[in-house]
Amino acid sequence: MSENERVAVVTGAGSGIGRSVAVELAAAGWTVLLAGRREKALAETAELAAAGPGRTLTVPTDVTRPEDVERLFARDTAPGRLDLLFNNAGMFGPPVPVEDLSYDEWRAVVDVNLHGAFLCAQAAFRRMKDQDPSGGRIINNGSISAHVPRPHSIAYTATKHAMTGLTKSLSLDGRPYRIACGQIDIGNAATEMTARMRTGILQANGTTAVEPVMDVADVARTVRHMAELPLEANVQFATVTATTMPFIGRG
């Protein structure tokens, strides 16, 4: 990698928002490390990104495994500078009532959404702090659920509220090292994970309703804007939603 390349790590890059952001960054000339558990899906993302001038490298990674994360951020995987981490890997968990959620189901969501996010942020922070000159940017994928819950989403909602605390702490602790950290809270982007929005999803009043969705490419463009700001500027929190989704007001 040359000294002038902008290098990003995107977790959860095998599908959905992660894939769209990776393709958008590659189209803008970034070198993108594609991290995710499914090697075939990462290869598909790399193929989609090949149309852009940027380069991609697939790095099969389970963000819940410290040794995988350490390998992802090792200098022999990504030599040179690390400019960006898009901390995106996540899962919903089963949409069941609180009393029916098993400990294993709870733990699976917490391990990916919180523990995995922390491990990746910590590893990126270390790289960015030790660079010469120091600095870089971390963008955490929060969610509308970082503000308000859906019914039957206690594990997902708890982890996304925690993500906001992670973002704030990283922002504060990164100040001496020019490490900027922001969060994008996304509502109803059209991906595999949100397919049930288009067929009907449980509402707070007990009814089931189809919800509007937005093009995931609009999310990717927002992440790119956040990523390409100079380190003297930071989007601390951005909220991007389908305009008429039930979030503001009474839905």
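The values are calculated or read from the model by the stated rules, or taken from the named source; none is laboratory data. Because the structure is predicted, anything quoted here is derived from the model rather than measured. Every residue, glycine as well, gets a Cβ built from its backbone with ideal geometry; the counts of neighbours run over all protein chains shown.
Tabulated values for the structure
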{"item": "Residue selected from segment 71-98 under the condition part of a loop (DSSP other than H, G, I, E, B) and aromatic (Phe, Trp, Tyr), by the criterion modelled with the highest pLDDT", "result": "Phe73"}
{"item": "Only one of Leu101, Leu84, Leu48, Leu57 that is under 19 Å from Asn4 (Cα atoms) and surrounded by fewer than 20 Cβ atoms within 10 Å (Cβ to Cβ)", "result": "Leu57"}
{"item": "Conditions (1) part of a loop (DSSP other than H, G, I, E, B); (2) free of Cβ contacts under 8 Å to residues at least 60 places away in the same chain; (3) farther than 29 Å from Ala28 by Cβ: number failed by Val148", "result": "(2)"}
{"item": "Any pair with Cβ under 9 angstrom, 6 or more apart, that starts in segment 207-234 at a residue that is closer than 27 Å to Gly135 by Cα and ends at one that is charged (D, E, K, R) and part of a loop (DSSP other than H, G, I, E, B)", "result": "Ala227/Arg6; Ala227/Asp83; Glu228/Arg6; Leu231/Arg178; Glu232/Arg178"}
{"item": "Subset of segment 66-81 [surrounded by 13 or more Cβ atoms within 10 Å (Cβ to Cβ) and either without any contact (Cβ under 8 Å) to a residue 12 or more places away in the chain or among the hydroxyl-bearing types (Ser, Thr, Tyr) (or both)]", "result": "Asp68, Ala74, Thr77"}
{"item": "Within segment 1-30, tally of residues that are on the phi > 0 side of the Ramachandran plot and not in a loop (DSSP other than H, G, I, E, B)", "result": "1"}
{"item": "Which numbered condition Gly80 fails, given (1) in contact with a helix residue (DSSP H, G or I) (Cβ under 9 Å, 6 or more places away or on another chain); (2) on the phi > 0 side of the Ramachandran plot", "result": "(1)"}
{"item": "Checking Arg221 against (1) over 30 Å from Ser102 (Cβ atoms); (2) assigned to a loop (DSSP other than H, G, I, E, B), the condition it does not meet", "result": "(2)"}
